[in-house]
Amino acid sequence: MPKNNGVRGEARMVPDASFTSYYGRPVVKAAPWSNDIPAYLFLGGLAGGSSLLAAGADVMHNDELRRAARLTALGAIGGSYLALVHDLGRPSRFFNMLRVAKPTSPMSMGTWIITAYGPAAVLAAASEFTGMIPPGRLSRLVSFANRPAGIAAAMIAPVLSSYTAVLLSDTSTPAWNHGFKEMPFVFVGSSATAAGGMAMIASSVHNAAPARRLAIGGALTELLAIEKMKASMGVVSETLDLGTAGKLIRLSQFLTIFGALGSIVFGRKSRAVSLVSGLALVLGSACTKFGVFEAGQSSARDPKYTVAPQKKSLQDGATHARPKTRWDVLRNPYHRQRSSR
Amino acid sequence: MSKTIVHLGLDPAKISGWDVAQPRMGFFTDTSLCIGCKACEVACKEWNEIPEDGLDWLGISYDNTGSLGASSWRHVAFIEQAVPGGRTDTPSSASALDGSDLRWLMSSDVCKHCTEAGCLDVCPTGSLFRTEFGTVVVQDDICNGCGYCVAACPFGVIERRTGSHGTKNVGLAQKCTLCYDRLVSGMTPACAQACPTESIQFGNLSELRSRARRRVEKLQLDGNRAARLYGDDPNDGIGGAGAMFLLLDQPEVYGLPPNPVVATRELGQMWKQAGIAALTFLIGAAAASIER
């Protein structure tokens, strides 16, 4: 059993002696997801951030940056669709997700978010190729849709980047569930870092200033949010420090700080440093997503992270007498009956 | 409106839109009567045509099933436990080992058919649904195997079936249906039918609940102070279970979570945080884009 590992010097919530389990077997089941899912989290974030950058560049008439960011968004959303479908137990039934829209299912909401975002991003990217489309109805439609599609994609993009945190948190996987307050900020920070970094690689130093600013802001947000998340997770925060997840998170922090410093100091001057920094930022963002994903999987496999926080909540008398929120009433009329009695 | 809901009582089937009146059905598993014979596991596999999923020796106890899963819809936990201070009704050879007494705890675990079911809440295809009996069932022809329900379940019950190509329902989420096909014909679920000691009792949930309360009171009066009910409280984190248990030790000893709370209860707050983060991102990106 891993020791405290110096998690902010906090005392362990429940000493090992009083922690029991059924022969050390997991209580909850880890999501049956492969690396497709963290890849999807990363690519979706990269696409979202790039669409925002592209819309900004479009309005500011920064043609090189706009083109680079739109093409990145196109590639990333294509890749994320593939990853998402590939991870299903029955990929041929992907369309079954389009038969319902369920507010209680973040995956259902996410399906509709990417279904709305995808065509907008594709149309925006297509308008970069108007020269290659033979003149006619299609070419007129594409050039007419140019800016509206880009703006539409950018309006959906922030939700595309942050909803994935809800997707993970709305589970019984301890490291994902306990981090629900801060994880959306970790994820949008990571999206900004990735999109900024990729645009630094794909466009000239002169035109990449907005990308650098986005990347630096994203890096700061990501680094701070992940620390705040760990502080709020109690004993479960260990899972972000230990094993593969710990290695990924530390690597992500190193790459993100390195990339951000590189862009601050040499971003305007050196194309070479811009390339290296951009790459570090993109990889750092990917490591964050894979690290958070791994932390969840390892937290589900160890019964300690399910049992100890629940024992603590029982000792604190917390959840059973939980006040009902407005959400409860909306979600389950049963609560309305209880409170009106 | 509120009057009708009061009338609904504990019935999640009605809340889900069923207007054919059926009492909520469920299980009461009285583990003090379980002898660990695993007839429930076998009967369940037989009736539901569940494929074989490994004939391994786990080397932990007489339990070689290990846990509930895609192809184990009943699981008999088997705990060999030292009882400090000891009891007198176990074989003396056991206490000779280390001066303490040993006892065996056996419990047949099953899907809890929660009032607030996490699996059902998060299912993005509508494959998981609430039956007219208040139970929670997967529709095999709709599930696309996304696996979200697996992570959402607070009890680690539902699982995506693995196996070679051609295995029945491979790649789909699978779990106890509370023998939905038997229930619609007025029959008892296979596990309860097969149980030789009536440790597994099936019936009208409110009736089972009062039976369970009488039973735990009796055991406590008989001196079994650790006896407790699990999943019987409609005010717990899952709104009460459709399958409750009488346990002789703490839930986690049996591999059950001590205080499960369905994640969906916090979903409103989760979306709020995600919304604030998204707005921050939008404003931040706009600010980063402004060029002089």
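Given (1) within 30 Å of A:Val205 (Cα to Cα); (2) modelled with pLDDT under 95, where does A:Thr319 come up short, assuming only one miss?
(1)
Report whether or not A:Gly45 is on the phi < 0 side of the Ramachandran plot and surrounded by fewer than 24 Cβ atoms within 10 Å (Cβ to Cβ).
For A:Gly45, the condition - on the phi < 0 side of the Ramachandran plot and surrounded by fewer than 24 Cβ atoms within 10 Å (Cβ to Cβ) - is not met.
Pairs only if they're at least six apart or on different chains, beta carbon under 8 angstrom, first in segment B:102-118 and touching a residue at least 40 places away in the same chain (Cβ under 8 Å) and under 23 Å from B:Ala43 (Cβ atoms), second outside any strand (DSSP E or B) and basic (Lys, Arg); list them, first residue then second.
Going by the 8 Å Cβ cut-off, the qualifying pairs are B:Cys111/B:Lys175.
So if I check each of A:Leu88, A:Leu46, which one is closer than 24 Å to A:Ala295 by Cβ and either away from chain B (no Cβ under 13 Å) or in a helix (DSSP H, G or I) (or both)?
Every option except A:Leu46 fails the conditions.
Only one residue in A:Ser270, A:Ser277, A:Ser237 is in contact with a His (Cβ under 9 Å, 6 or more places away or on another chain), among the hydroxyl-bearing types (Ser, Thr, Tyr) and at negative phi. Which one?
Of A:Ser270, A:Ser277, A:Ser237, the one residue that is in contact with a His (Cβ under 9 Å, 6 or more places away or on another chain), among the hydroxyl-bearing types (Ser, Thr, Tyr) and at negative phi is A:Ser237.
Mind telling me which of the residues B:Gly134, B:Gly171 ends up being under 20 Å from the mean Cα position of the chain (by Cα) and in a loop (DSSP other than H, G, I, E, B)?
Residue meeting the stated conditions: B:Gly134.
Within segment A:236-246, does at least one residue satisfy the condition of being closer than 24 Å to A:Ala39 by Cβ and outside any helix (DSSP H, G or I)?
Yes.
What is the one condition in (1) at pLDDT 95 or above; (2) facing chain B (nearest Cβ under 10 Å) that A:Asn332 does not satisfy?
Only one criterion in (1) at pLDDT 95 or above; (2) facing chain B (nearest Cβ under 10 Å) is unmet by A:Asn332, namely (1).
What about B:Glu198, is it away from chain A (no Cβ under 14 Å) and not in a helix (DSSP H, G or I)?
Considered against the rule, which asks whether it is away from chain A (no Cβ under 14 Å) and not in a helix (DSSP H, G or I), B:Glu198 comes out as yes.
Collect the residues in segment B:258-285 that are in a helix (DSSP H, G or I) and more than 18 Å from A:Phe187 (Cα to Cα), keeping them in residue-number order.
Result: B:Ala263, B:Thr264, B:Arg265, B:Glu266, B:Gly268.
Any residue that is outside any helix (DSSP H, G or I), surrounded by 23 or more Cβ atoms within 10 Å (Cβ to Cβ) and facing chain B (nearest Cβ under 7 Å) - is there at least one of those in segment A:151-162?
Looking for residues that are outside any helix (DSSP H, G or I), surrounded by 23 or more Cβ atoms within 10 Å (Cβ to Cβ) and facing chain B (nearest Cβ under 7 Å), one finds none in segment A:151-162, hence no.
Name the single residue, out of those in segment B:201-240 being more than 14 Å from chain A (Cβ to nearest Cβ) and in a loop (DSSP other than H, G, I, E, B), that is nearest to B:Ile60 (Cα to Cα).
B:Ala227
Going through A:Ser252, A:Ser203, A:Ser190, A:Ser237 one at a time, which residue ends up being over 21 Å from B:Ala274 (Cα atoms), among the hydroxyl-bearing types (Ser, Thr, Tyr) and in contact (Cβ under 8 Å) with a residue 60 or more places away in the chain?
A:Ser203
Select from segment B:133-186 the residues that are more than 8 Å from every other protein chain (Cβ to nearest Cβ), among the small types (Gly, Ala, Ser) and crowded, with 24+ Cβ neighbours inside 10 Å and list them in ascending order.
B:Gly134
Given the condition part of a helix (DSSP H, G or I) and away from every other protein chain (no Cβ under 11 Å), answer yes or no: does some residue in segment B:245-257 qualify?
No, segment B:245-257 has no match at all.
What are the residues in segment A:51-73 that are within 10 Å of chain B (Cβ to nearest Cβ), of a type outside the set (Asp, Glu), touching a residue at least 40 places away in the same chain (Cβ under 8 Å) and not in a loop (DSSP other than H, G, I, E, B), if any?
Result: A:Ser51, A:Leu52, A:Leu53, A:Ala54, A:Ala55, A:Gly56, A:Ala57, A:Leu65.
Here are some residues: A:Ala145, A:Ala125, A:Ala152. Which one is in contact with a Lys or Arg (Cβ under 6 Å, 6 or more places away or on another chain) and free of Cβ contacts under 8 Å to residues at least 60 places away in the same chain?
The unique qualifying residue is A:Ala125.
The values are calculated or read from the model by the stated rules, or taken from the named source; none is laboratory data. Bear in mind that the values here come from a model prediction, so they are computed numbers and not experimental data. Methodologically, a virtual Cβ is constructed for each residue, glycine included, from the backbone with ideal geometry; neighbour enumeration extends over all protein chains shown.
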